[in-house]
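None of the figures in this text is laboratory data; all of them are computed from the coordinates on show. In this text, all values refer to a predicted model and were calculated from it rather than measured experimentally. No Cβ is skipped: glycine too gets one built from the backbone with ideal geometry, and neighbour counts run over all protein chains shown.
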Amino acid sequence: MNIALITGSAGLIGSESVEFLSGKFDLVVGIDNNMREVFFGPEASTQWNRLRLEETVANYKHYDVDIRDEKAMQGVFSIYSGDIKLIVHTAAQPSHDWAAKDPLTDFSVNANATLLLLELTRRHCPDAVFIFTSTNKVYGDTPNTLPLVENETRWEVDVNHPYYKNGIDEGMSIDQTKHSLFGVSKASADMLVQEYGRYFGMKTVCFRGGCLTGPNHSGTQLHGFLSYLMRCAIVGEHYTVFGYKGKQVRDNIHSHDLVNMFWHFYQQPRAAAVYNAGGSRRSSCSMLEAIALCEGLTGKKMSCSYVETNRIGDHIWWISDVSKFKAHYPQWDLKYNLTDIMSQIHATLQKRL
């Protein structure tokens, strides 16, 4: 039997992975205890998504387990053992601000649990492919040292800089920078995933995502900015912009496009691989530009205010260079652009809210 095990399976990337992989594996095992609601409150609950998966994906088996619980996780791995061919680790505490409120929990979820998963994989299914959803926050605020130019609606890197054309590549240092505590816990996990690949020869990969988004995101103020922004636009809730004149730039990758990267890697895996993963220039926007898109789709003027203080460790400009992944997996390409993404989020939230 071929089994895919997915942590955070009711979340945005986890649920996309379940649906994408359900037709490619005999069984998809999901692990998710709805910690997102604990982190961010009832509006961030993923329970609706878990129920949707259980109702619509016939070969999906859900476990309501905390990934930090060694005994419970050992039990899951023992059941399926050598049949597990793929682990997709998406579960995380994903917020800068939340991490600063409870660093111990943040580190235990992001770093310690990743170590536990890696070790269980090594003991029970060492030939499995281990995919980790890392983050561009492992680079800390180093991107903010780039030569940036202020335009009317966005910050932009200087046109003569090597990063202007395709964005930031994997060669950027992750050292000597302010990460936020969230960035540190994710960087620790990232390095562990690499080390298990190098030291034990396991097939591991870190995908350092930009803004991961899509219609099944349970967005909140502290995480999931496009989904939360659209929610505010639809229901008329007030939205606060933090710093950088609202001109901070993000590249946004649809959850399907990211999981399709996972699938391409799984078919031709490497050891200790690292890839930046985002929507590149094709799907980038500033906060101001995103607000304008939401207003265009809803036909409503948003209620917004501006706070001068930016979030600690936040990026002014980030666009992911995906050239390395494309070179290794030339059959992969982005399917969705920013307009596609925003339209899907709008349509889905209209039904849910």
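A few remarks follow.
- Largest first, the three principal axis extents of the alpha carbons in region 3-352 are 56, 43, 41 Å in whole numbers.
- In a DSSP loop and with at most 10 other Cβ atoms within 10 Å, the GluC sites (Glu not before Pro) in region 278-327 are Glu308.
- Antiparallel DSSP beta bridges within the chain, as percent of all bridges there, nearest 5: 15
- Virtual paramagnetic centre 7 Å along Cα→Cβ of Ser343, amide N under 18 Å, in region 243-272: 252-257
- Which listed pairs, of Lys301/Lys335; Lys137/Lys335; Lys300/Lys351, have C-alpha distances above 20 Å, in listed order: Lys301/Lys335; Lys137/Lys335
- Cα-only radius of gyration and Dmax that characterise region 42-149, units Å: 17.0, 55
- The residues His96, His161, His238, when put in order of fewest to most other Cβ atoms within 10 Å, stand as His238, His161, His96.
- A cut-off of 5 Å between modelled amide H atoms, ignoring neighbours fewer than 5 places along the same chain, links Gly209 with Ser134, Thr135, Asn136, Ala277.
- The trypsin sites (Lys or Arg not before Pro) of region 163-202 that meet both conditions, a loop assignment by DSSP and at most 13 other Cβ atoms within 10 Å of the site Cβ, are Lys178.
- Note on Lys335 and Tyr199: the extension gain reaches 45.4 nm, defined as 0.36 nm multiplied by sequence separation minus the Cα-Cα distance.
- Interchain or long-range residues, amide H under 5 Å from Leu27's placed H: Asn2, Ala4
- Residues whose amide H falls under 5 Å from that of Cys304, counting only those 5 or more places apart or on a different chain, are Tyr239, with hydrogens built in the peptide plane.
- In order along region 73-89, the Karplus-derived 3J(HN,Hα) couplings, from 6.51 cos²θ - 1.76 cosθ + 1.60 at θ = phi - 60°, round to 5, 4, x, 5, 5, 5, 4, 9, 5, x, 7, 6, 9, 8, 10, 10, 9 Hz, and Gly and Pro are given as x.
- Neighbour counts of C-beta atoms inside 10 Å place Met230, Met35, Met1 in the sequence Met1, Met35, Met230, starting with the fewest.
- In sequence order, region 143-150 has phi-based couplings of x, 6, 8, 5, x, 9, 10, 8 Hz under the Karplus curve 6.51 cos²θ - 1.76 cosθ + 1.60, θ = phi - 60°, and Gly or Pro positions carry x.
- Per-residue [θ]222 nm for the chain (sum of -39500 (n - 2.57) over DSSP H runs n ≥ 4, rounded to 500): -12000 deg cm²/dmol
- Applied to region 127-134, the Karplus parametrisation 6.51 cos²θ - 1.76 cosθ + 1.60 on θ = phi - 60° returns per-residue 3J(HN,Hα) values of 8, 5, 8, 10, 10, 10, 7, 7 Hz, with x for Gly and Pro.
- The mean sequence separation of alpha-carbon pairs under 8 Å and at least six residues apart, normalised by the residue count of the chain, gives a relative contact order of 19 percent.
- Based on every Cα atom in region 197-315, Rg and the maximum pairwise Cα distance Dmax equal 17.1, 55 Å.
- For Val322, Val307, Val57, order by how many other beta-carbon atoms lie within 10 Å, fewest first: Val307, Val57, Val322
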